[in-house]
Amino acid sequence: MSEIKLLLRKNIEKVKPYQPGKPISEVKRELGLQRVIKLASNENPLGPSPKAVRAILKSVSELHRYPESNCFYLKRKLAERFNLKEDNFIIGNGSDEIIVLVLRALIDPGDKVMIAEPTFLIYEIQANACGARVIKIPLRNFRYDLKRMKENLTPEVKVVFIANPDNPTGTYVTEEEVKEFMENIPEKTFVFFDEAYYEFASTLPDYPRSLQFLNKRNIIITRSFSKAYGLAGLRVGYGMGRADLIAYLERIREPFNVNSLAQAGALSALEDASFLKKTLETTQEGKAYLYKEFEKLGLTYLPSATNFVLVDIGRDSERIFQQLLREGVIVRGLKPWGLDNFIRVTIGRREENEKFIKALKKVLRKGGKR
Ligand SMILES: Cc1ncc(COP(=O)(O)O)c(C=O)c1O
């Protein structure tokens with residue numbers, strides 16, 4: 001029997017494993033803690049949308065049936081909401097899946113994919129899985145450097161990813177910057193606007209209206225039910241694109257990629273305006289509190305257009321991460337992104353934010369020593 005390595009496709013060895021945020025149950029088990037809070041994966045601290053939960057419970061009795069393959073009702077609702085057609089939408093098992101589908105549809109081995117560095121890790125992982133050559137353009141002042149990205153766009157660059165707002169920085173690129181970037185973009189370049197945090201940023205006056213490019217350029221815009229709608233565990237996201245693109249993506253997706261509970265939940269979440277409002281208010285209040293506390297501690301943070309904040313703790317973040325775990329607080333240390341002194345904290349409920357700050361103060365007082 002030959003070693004499995006020898007059977008792998010050429011690029012698979014290059015693919016780094018994705019490390020998700022640590023689950024609460026794991027930290028409780030490993031550290032013997034009773035109370036643990038998770039501020040590590042940019043989840044909604046209020047729980048799931050209550051309307052979504054009711055709809056999910058109602059649809060449980062139909063679990064013996066396969067789900068609607070085409071997500072008809074969800075597409076119809078989204079089409080009404082954004083004044084588009086149903087065939088402008090693809091629904092994914094999380095917006096992550098749409099990243100995979102687009103790369104699978106567009107990338108031949110050796111094609112170039114442009115990403116920022118650092119940014120959302122999945123772009124590089126999935127581009128490598130497709131055999132792409134990944135070009136990385138460093139952030140400038142923790143923001144996407146669209147000028148430099150544009151300068152480096154050659155006709156071989158097939159796909160460019162723009163996370164807007166970005167993860168892990170929480171920064172965003174503006175309408176003006178995006179317009180300039182999209183002007184005279186090479187015909188064959190496809191732009192992927194990842195707007196997983198759209199709901200948190202869309203009220204900013206200079207946040208781009210990416211839909212304006214939908215019928216003019218080769219683009220897709222993805223959004224998620226995982227964040228503002230509190231449905232990360234269900235796995236639903238959507239992509240908006242020209243109907244011809246969407247039709248090809250539909251050909252290669254699994255027939256039942258979005259389960260029936262996810263479809264029912266997402267559909268009702270879209271109608272849960274009061275939950276969305278409360279989520280945005282909680283985020284705003286929490287953000288203001290964290291900014292204030294970071295300032296008091298003399299820590300530099302990045303103003304965020306999302307539901308998380310990146311903060312420079314001025315010392316090895318892995319150590320601080322481990323010490324915060326022992327205090328029952330899970331955040332994200334940013335070493336995997338190359339930001340060795342930074343942690344990323346998801347904005348929680350008031351008591352969670354307070355617990356985090358209390359723990360951080362304690363850990364910093366100890367000087368981050370073990
Ligand atoms: C920038 C960005 N894009 C996409 C996703 C994936 O979200 P989903 O849960 O919809 O797959 C995330 C999740 O953290 C993200 O931060």
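The values are calculated or read from the model by the stated rules, or taken from the named source; none is laboratory data. If you're wondering where the values come from, they're calculated on a predicted model, not measured in any experiment. Virtual Cβ from ideal backbone geometry, glycine too; neighbours counted across all protein chains shown.
Here are the numbers for this structure:
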{"quantity": "Only listed residue being in the same structural domain as PRO67 (by TED's automatic domain parsing) and modelled with pLDDT of 95 or more, chosen from ASN307, ASN259", "calculated": "ASN259"}
{"quantity": "Residue in the stretch 360-368 that is within 21 Å of SER224 (Cα to Cα) and touching a Leu at 6+ places or on another chain (Cβ under 9 Å) present", "calculated": "no"}
{"quantity": "Condition check for GLU254: crowded, with 19+ Cβ neighbours inside 10 Å, modelled with pLDDT of 95 or more and among the acidic types (Asp, Glu)", "calculated": "no"}
{"quantity": "Residue list for the stretch 136-155, restricted to those being without any contact (Cβ under 8 Å) to a residue 24 or more places away in the chain and in contact with a helix residue (DSSP H, G or I) (Cβ under 6 Å, 6 or more places away or on another chain)", "calculated": "ILE137"}
{"quantity": "Any chance PHE161 is within 28 Å of GLY110 (Cβ to Cβ) and within 16 Å of the ligand (Cβ to nearest atom)", "calculated": "yes"}
{"quantity": "Candidate set: the stretch 196-223, residues that are in contact with a strand residue (DSSP E or B) (Cβ under 9 Å, 6 or more places away or on another chain) and among the hydrophobic types (A, V, I, L, M, F, W, C); chosen: the one farthest from ARG235 (Cα to Cα)", "calculated": "PHE213"}
{"quantity": "The stretch 94-118, residues that are within 16 Å of the ligand (Cβ to nearest atom), in contact with a strand residue (DSSP E or B) (Cβ under 8 Å, 6 or more places away or on another chain) and in contact (Cβ under 8 Å) with a residue 60 or more places away in the chain", "calculated": "GLY94, SER95, ASP96, GLU97, ILE98, ILE99, LEU101, VAL102, GLU117"}
{"quantity": "Helices (runs of 4 or more DSSP H) enclosed by the stretch 38-154 - at least 2 residues per element that are among the charged types (D, E, K, R)", "calculated": "50-59, 72-82, 95-106, 146-151"}
{"quantity": "Members of the stretch 123-135 that are farther than 11 Å from LYS16 by Cβ, in contact with a helix residue (DSSP H, G or I) (Cβ under 8 Å, 6 or more places away or on another chain) and surrounded by fewer than 19 Cβ atoms within 10 Å (Cβ to Cβ)", "calculated": "VAL134"}
{"quantity": "Residue match in the stretch 9-27 (condition: on the phi > 0 side of the Ramachandran plot, in a loop (DSSP other than H, G, I, E, B) and of a type outside the set (Asp, Glu))", "calculated": "no"}
{"quantity": "Wholly within the stretch 225-326, helices (runs of 4 or more DSSP H) carrying at least 2 residues that are among the β-branched types (Val, Ile, Thr) and within 16 Å of the ligand (Cβ to nearest atom)", "calculated": "273-296"}
{"quantity": "Breaking point among (1) within 15 Å of the ligand (Cβ to nearest atom); (2) out of contact with any Pro (no Cβ under 8 Å at 6 or more places or on another chain), for THR171", "calculated": "(2)"}
{"quantity": "Options ARG148, ARG143, ARG81, ARG133: the member that is at negative phi, among the basic types (Lys, Arg) and within 16 Å of the ligand (Cβ to nearest atom)", "calculated": "ARG143"}
{"quantity": "Residues satisfying the stated conditions in the stretch 40-69, i.e. under 19 Å from the mean Cα position of the chain (by Cα) and surrounded by 17 or more Cβ atoms within 10 Å (Cβ to Cβ)", "calculated": "ALA40, SER41, ASN42, GLU43, ASN44, PRO45, PRO48, SER49"}
